[in-house]
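**Q** Shown below is the structure under consideration.
The values are calculated or read from the model by the stated rules, or taken from the named source; none is laboratory data. Values in this document were obtained by computation on a predicted structure and should not be read as measured data. A quick note on method: Cβ atoms are made from the backbone with ideal geometry, for glycine too, and the neighbour counts reach across all protein chains shown.
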Ligand code: ADP
C-alpha cells in the first residue's frame, strides 16, 4: 500500500460502501485487492468517526451525514430571534413617494407597514412600488395602504423559530423578507425584526469564519 495515503484509501472505501453497501469486510478487501488485515485499521477509523457503521452478518453501510443535512443542521442551530435584522417600517398613511424615498434612505428592499401602535398591517416590496409608479399618477397622493399586501395574508416568523424554518418560508412563499413578530393577547402582531434573503446569505457566509 505504499504511496497511498490514509485519506485516499478512506475515500476508496467510502465510495465502495456508498455504492455497494451493506457490504462485508472481505468483499471490500477483495475489491481493493488488499488483505482483510490491511483493511482493518482503515475500517476502524471510519467506523469510529461515524462515517461507517457495521452490523453483524449484514456488513458495513454508510452512516455519515451528507453535506445537505449538515447545512440543514447549521441553519437549525440558530433562532430567528438571535439572527434577525432591524426592520424598516412605515405607517399606513405614508405616501408611495415617501415609501420609495425610505427604501433608498434605509437601503432595504421591503417595507413593513404598521399602525400607530407598531402593529403589522402589511408589506410593500420593491415591485409593489414599481408597479404603482408605472401608473404615473401622483405618487405623493397614494398611501402605501392602497398598494400593500395586507394582513391576514402576511407570512411572518416568530423569534423562537429556527433559521431553517425561516429559510423554508422565504423559498416556499417566494418572498424576499419576513417580518419577525411577537403576538399580543389580542392577536395583534408587533414587528420586532426581519429575516431577509440577505440575512440568510450573511449567516451562510459565517460557515467560513
Ligand atoms: P418583489 O415584489 O420586489 O420581487 P417580493 O418577492 O418579496 O419582492 O414580493 C412579492 C410579493 O409578495 C409582493 O406583492 C409583496 O407585497 C408580497 N410580500 C412580500 N413579503 C411578504 C410577506 N412576508 N408575506 C406576504 N406577502 C409578502
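**Q** Only one of (1) under 17 Å from residue 93 (Cα atoms); (2) modelled with pLDDT of 95 or more fails for residue 200. Which number is that?
**A** Unmet condition: (1).
**Q** Go through 194, 182 for me and flag whichever is under 22 Å from residue 73 (Cα atoms) and either surrounded by 11 or more Cβ atoms within 10 Å (Cβ to Cβ) or near the ligand (Cβ under 10 Å from one of its atoms) (or both).
**A** Numbers: 182 fails: under 22 Å from residue 73 (Cα atoms).
None of the other options fit; the residue is 194.
**Q** Then there is this: Identify, from the list 82, 92, 116, the residue that is surrounded by fewer than 20 Cβ atoms within 10 Å (Cβ to Cβ), free of Cβ contacts under 8 Å to residues at least 24 places away in the same chain and within 17 Å of residue 191 (Cα to Cα).
**A** On the way: 92 fails: free of Cβ contacts under 8 Å to residues at least 24 places away in the same chain; 116 fails: free of Cβ contacts under 8 Å to residues at least 24 places away in the same chain.
Only one candidate qualifies: 82.
**Q** Check residue 66 against each of (1) within 30 Å of residue 178 (Cβ to Cβ); (2) modelled with pLDDT of 90 or more and name the one condition it does not meet.
**A** For residue 66, the exception is condition (2).
**Q** Please specify each residue of segment 141-177 satisfying the condition of being closer than 27 Å to residue 203 by Cα, part of a helix (DSSP H, G or I) and either near the ligand (Cβ under 10 Å from one of its atoms) or modelled with pLDDT under 95 (or both).
**A** 169, 170
**Q** Then there's this: Does residue 90 satisfy being closer than 21 Å to residue 194 by Cβ and outside any helix (DSSP H, G or I)? Before you say what the answer is, go through the steps one by one.
**A** Details: closer than 21 Å to residue 194 by Cβ: yes; outside any helix (DSSP H, G or I): yes.
Taking the combined requirement at face value, the residue satisfies it.
**Q** On the given criteria, is residue 110 more than 13 Å from the ligand (Cβ to nearest atom) and either surrounded by 18 or more Cβ atoms within 10 Å (Cβ to Cβ) or within 17 Å of residue 194 (Cβ to Cβ) (or both)? Explain how you work it out, then say what you get.
**A** Working: more than 13 Å from the ligand (Cβ to nearest atom): no; either surrounded by 18 or more Cβ atoms within 10 Å (Cβ to Cβ) or within 17 Å of residue 194 (Cβ to Cβ) (or both): yes.
Judged against the criteria, residue 110 is not a match.
**Q** Can you find a residue that is loosely packed, with under 12 Cβ neighbours inside 10 Å and touching a residue at least 24 places away in the same chain (Cβ under 8 Å) anywhere in segment 53-72?
**A** Yes, that holds for at least one residue.
**Q** In this structure, does residue 201 turn out to be in the same structural domain as residue 148 (by TED's automatic domain parsing) and touching a helix residue (DSSP H, G or I) at 6+ places or on another chain (Cβ under 8 Å)?
**A** Numbers: in the same structural domain as residue 148 (by TED's automatic domain parsing): yes; touching a helix residue (DSSP H, G or I) at 6+ places or on another chain (Cβ under 8 Å): no.
Against the criterion (in the same structural domain as residue 148 (by TED's automatic domain parsing) and touching a helix residue (DSSP H, G or I) at 6+ places or on another chain (Cβ under 8 Å)), residue 201 does not qualify.
A quick yes/no check of all residues on (1) part of a strand (DSSP E or B); (2) within 28 Å of the chain's Cα centre (by Cα):
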residue: 8; (1), (2): no, no
residue: 17; (1), (2): no, no
residue: 27; (1), (2): no, no
residue: 30; (1), (2): no, no
residue: 40; (1), (2): no, no
residue: 54; (1), (2): yes, no
residue: 73; (1), (2): no, yes
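**Q** What is the one condition in (1) in contact (Cβ under 8 Å) with a residue 40 or more places away in the chain; (2) surrounded by 16 or more Cβ atoms within 10 Å (Cβ to Cβ); (3) not in a loop (DSSP other than H, G, I, E, B) that residue 207 does not satisfy?
**A** (2)
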